[in-house]
Amino acid sequence: MDLNRPLTYIKKMTAKHADIFHKNLNLSSLNDLLYFFPFRYIDRSRFYKIDEITNSGADVQIIGNITSLMEVNQKRGSRLVGKFQDETGSIELIWFKGQQWIRKLIQPNKPYVVCGKLNFFNKRFSIVHPEMYLLDDYRKTIQSKLYPVYPSSEQMASKGISRRIFREYVQSLIQQIAPDVKENLPEYFVDVYNLLDKRTSILNVHFPQSLKLLEKAQYRLKFEELFFIQLQLLKKKRLRKQKIKGYVFESVGRNFHHFYQHELPFDLTHAQKRVMREIRKDLRSNAHMNRLLQGDVGSGKTIVALLIMLLAIDNGFQATIMAPTEILAVQHYNAINELLTHMEVSVALLTGSTKSKKRKEIHKRLIDGELNILIGTHALLEDKVQYNNLGIAIIDEQHRFGVAQRSKMWHKNRLPPHILVMTATPIPRTLAMSVYGDLDISVIDELPPGRKEVKTVHRYDNNRLSVFHFMKQEITKGRQIYVVYPLIQESEVMDYKDLMDGYESISRAFPNPNYQISIVHGKMKAEDKEFEMQRFIKGQTQIMVATTVIEVGVNVPNASVMVIESAERFGLSQLHQLRGRVGRGADQSYCILLSSFKLSSEAKTRLKTMVETSDGFKIAEVDLKLRGPGNMMGTQQSGILRLKIADVVKDTSILYKARQAAIKLLEEDPNLSKPENVAIKNTYTELSRKTGVWSNIS
Ligand code: ADP
Ligand code: MG
C-alpha cells in the first residue's frame, strides 16, 4: 500500500478521528503515524500492589476490584469516582467524561487490570481516565510484554482517542502495511554497522517483542535518522567548499606584523593562537569560509577578529564587524580605534544614530575603498552601504541576527566575503554538530590568564538590605557594580515600572553626593545611553542600573559585582552572559542572583546551576536539557526540530557513529553514484525534497 495515503485508510479510523490526529499532532498520512514513535513503554509483566505505590506521575498497572462508584458534583460538571481496591489498599479512579457509559460498562467486584498515570491529590492516589480491562480479557490480549505509550494529549483523550484507542490504531496500521515497509539501507551497510533490519525495527519500536529487540530497533532507527541528517549536512558542506570560491588572503603583511609585534597588549592564549591558525588556513585556500567562532564571555574574541581584519587589509580587502546593539558597536569601535592608535588603518562607525552627513561621507569612503574597517549595527545592511571590496564580514553574537539578515551580507560583492560568526553562547558539541554540521567551528576554550572565578550566590528578595550593605563595601574598595532588571517584551510596562522602582530605591540607599548612579535602558535615546555608559566606563558612576541592554559584550574591567534582580525570570544563557560582564579585571568578582520565594522547579535548577558552575558549556548542556533543542538559539530553522526518535542530548554516541558513517560513505562515494548505495541515494533524495535545504548561518 502507498504509505502516503491518508489515515482514513486505517481499519476503523473515522474521518473525525483522522481530523483529531491531524489537528493535534499534525499527522495525516500512514507514513506520518508509522513514524510517530512511542515515547515510553509500560512493562506489562509488572503489576503493582497498591501499597507499593509511592510515586505520582508513574505509569502503573494494578489488578483489583472496583468496589464502589460515586458521582461527585463540582463547580464545573461532575466527575465519576470509583474506589479500586486490592488486598493491600485502595486508590481512586476518576472520569470526567463518558460517565454514563462507564457506569454501564463496569462490572463491580470482578477482577480488573487498571493502567494509567498516577496522580496524587488530596493526599490520595488516583488515576484519571484509566485504561481498564477485565483480567480474563487482558490475559488473552497480551501480545508483547512492553506496550507503547504515545505522546498523545489529554485533549485527544477527551475527544475520544484514549491511549488505548491510539495504540489500537497503530496496531491496525502495522498489521495492514507491514509487508510494505522496505529496507532503505544497503545490505552491506546494515551489516557493517550491525543494524536491525527496517521492518523488524518498525514493528518492534511500536510493539516490542522483548526489551532486547526494542533496544536494537531504537538504535537502528536513531542511527538511520542521524545518519541521513549528517549526510545532508556534510554533502552541503562539500558542495559549498567546491562550488563557492572565496577570496584568497595569501600574504601576512605589514599591518598584521606590525600589530602583532608592537601593538598587541598581551600574549595570545593557546586557544586564541589555535583559532587563528584554523581561520588562516581557511583564508589561504580559495574556498569560501563560513566559520563559527565560539568562545565563552571574556575569552578574547575581539582581538582575534581584529587580527583577521588586519590580514584582510594586508591583502587589499576591506573588513566589517556587525554587532547586535549600538552600545556594543560603539564599544568595538572605541576599543579597536585605541588598539590601532599607532597605525594607519582607517576605521568608521555606522549605526542607526549616525547623522546623515557623516553617513554619506562614510558611504563614499567605503565605495572608494579608502575606508579599511567599518563597524556598526544593522545599519550596515542597508542597501546604500556598498563596499569597494569587502573581504570578510565578522558578525558578533550571532544569535541576535536572523538567517535572512546574515545572508544579506553576501549580496554586496563579486564573491561572497568570508564570514566569521562570533558567539559567546556556547552550543553543546552535539547540538553544534547536528545543527551546524555544515559549518566549520572554532572554539576558544581557554580564558586569558589571571581571571578569577566569579563568586556566585543566590539570595531571596528579603535579603536586599544585606546585599546593599555588601555593595557599599565593594564601592568603598573602589569597585563598580551592575544592577540588572529583566525586560521581557510581553510585560514591558510592568518591567519598566520595576526598573524605575528599583532605581529609586537604589538612589535612596546610595544617595548623592557619595554615590553616583547611571541608568541605561532600551527606551532611552542612543546618545543618552552612550553618555551614561561612558560615565560608568570612565568610573564617574559607581552603579549602573540597567535592563539587559548591557547583556552583550560590554567591557568594564573595574566592575566587579553583578546584581541580577528577578533572576528567576532570566534564561540560563542570559544569566551566564550577564555574569560574564564581571570578572574581567584582577579583583575578586561577585554575582548575586536575587529572586522571589516562589520558584518553579526549572527556575530552581537554573539558579542552582549558576551557583555551581561557571563553565559555559556545562551551562549550555543544562539549558539544552531544560528547554529542549527546539528552543536553543539558532535551531528553530534547522532540521533538529524534526527529529522523530533520536535525541541530541541523550544519543550523543549514536550521533558520533552516524556522523562517522556519513563521512566514510562520502569519502568512498561522494556522489552516491555506486550501485550498492542506490538505497541510500533514494532516501537521501526523498528527504532533501521534503525538508528543503537545511538552513545554515549564511
Ligand atoms: P569576548 O570574547 O567576550 O568578546 P573580549 O574580546 O571582549 O572577550 O575580551 C575580554 C577582555 O580580555 C578584554 O579586556 C581583552 O583585552 C582581554 N584579553 C583578550 N585576550 C587576552 C589575552 N590573551 N590575554 C590577556 N587579556 C586578554
Ligand atoms: Mg565580545
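The values are calculated or read from the model by the stated rules, or taken from the named source; none is laboratory data. Model, not experiment: these values are computed from the prediction. A quick note on method: Cβ atoms are made from the backbone with ideal geometry, for glycine too, and the neighbour counts reach across all protein chains shown.
Listed values, structure above:
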| item | result |
| --- | --- |
| Filter result for Met610 (at pLDDT 90 or above and under 16 Å from Tyr485 (Cβ atoms)) | no |
| Count - residues of segment 260-284 that are more than 16 Å from ligand 2 (Cβ to nearest atom), surrounded by fewer than 22 Cβ atoms within 10 Å (Cβ to Cβ) and either assigned to a helix (DSSP H, G or I) or not assigned by TED's automatic domain parsing to the domain that holds Tyr333 (or both) | 14 |
| Answer residue from segment 518-573, given it is within 16 Å of ligand 2 (Cβ to nearest atom), in a loop (DSSP other than H, G, I, E, B) and of a type in the set (Val, Ile, Thr) and is nearest to Ala323 (Cα to Cα) among those | Val552 |
| Meets criteria (in a strand (DSSP E or B), surrounded by 19 or more Cβ atoms within 10 Å (Cβ to Cβ) and either of a type outside the set (S, T, N, Q) or in the same structural domain as Ser68 (by TED's automatic domain parsing) (or both)) for Phe120 | no |
| Whichever residue in segment 574-584 is assigned to a helix (DSSP H, G or I) and crowded, with 21+ Cβ neighbours inside 10 Å and, among such residues, is modelled with the lowest pLDDT | Gln577 |
| One residue from Asn286, Asn255 being farther than 23 Å from Gly616 by Cβ and in contact with an Asp or Glu (Cβ under 7 Å, 6 or more places away or on another chain) | Asn255 |
| Top-ranked residue of segment 387-406 - restricted to ones that are away from ligand 2 (no atom under 16 Å from the Cβ) and modelled with pLDDT under 90, ranked as surrounded by the fewest Cβ atoms within 10 Å (Cβ to Cβ) | Ala404 |
| Residues of segment 19-46 classified as free of Cβ contacts under 8 Å to residues at least 24 places away in the same chain and under 30 Å from Arg139 (Cα atoms), total | 1 |
| Tally, over segment 526-552, of residues that are farther than 24 Å from His576 by Cβ and touching a residue at least 40 places away in the same chain (Cβ under 8 Å) | 6 |
| Pick from segment 27-46, criterion modelled with pLDDT of 90 or more and out of contact with any Lys or Arg (no Cβ under 7 Å at 6 or more places or on another chain), ranking: surrounded by the fewest Cβ atoms within 10 Å (Cβ to Cβ) | Asn31 |
| Selected residue [touching a strand residue (DSSP E or B) at 6+ places or on another chain (Cβ under 8 Å) and over 30 Å from Tyr35 (Cα atoms)] from Val304, Val248 | Val304 |
| Which numbered condition Asn372 fails, given (1) over 26 Å from Val248 (Cα atoms); (2) touching a helix residue (DSSP H, G or I) at 6+ places or on another chain (Cβ under 9 Å); (3) surrounded by 14 or more Cβ atoms within 10 Å (Cβ to Cβ) | (1) |
| Checklist (1) under 16 Å from Tyr485 (Cβ atoms); (2) under 25 Å from the mean Cα position of the chain (by Cα); (3) away from ligand 1 (no atom under 16 Å from the Cβ); (4) surrounded by fewer than 21 Cβ atoms within 10 Å (Cβ to Cβ) applied to Ala567, failing item | (4) |
| Residues (farther than 13 Å from Glu224 by Cβ and not hydroxyl-bearing (Ser, Thr, Tyr)) located in segment 170-181 | Val170, Gln171, Leu173, Ile174, Gln175, Gln176, Ile177, Ala178, Pro179, Asp180 |
| Qualifying positions in segment 289-343 - away from ligand 1 (no atom under 16 Å from the Cβ) and not assigned by TED's automatic domain parsing to the domain that holds Asn388 | Met289, Asn290 |
| Residue count for segment 297-332, restricted to those that are charged (D, E, K, R) and surrounded by fewer than 24 Cβ atoms within 10 Å (Cβ to Cβ) | 2 |
| Flag for Met533 being closer than 15 Å to Ser353 by Cβ and within 16 Å of ligand 1 (Cβ to nearest atom) | yes |
| Given (1) out of contact with any His (no Cβ under 8 Å at 6 or more places or on another chain); (2) assigned to a loop (DSSP other than H, G, I, E, B), number of the condition Lys97 does not satisfy | (1) |
| So Ala335, is it surrounded by fewer than 21 Cβ atoms within 10 Å (Cβ to Cβ), closer than 25 Å to Glu530 by Cα and away from ligand 2 (no atom under 16 Å from the Cβ) | no |
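Matching residues to (1) assigned to a loop (DSSP other than H, G, I, E, B); (2) touching a Cys at 6+ places or on another chain (Cβ under 7 Å); (3) surrounded by 15 or more Cβ atoms within 10 Å (Cβ to Cβ):
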| position | (1), (2), (3) |
| --- | --- |
| Gln61 | no, yes, yes |
| Glu71 | no, no, no |
| Arg76 | yes, no, no |
| Ile91 | no, no, yes |
| Ile102 | no, no, yes |
| Phe125 | no, no, yes |
| Met132 | no, no, yes |
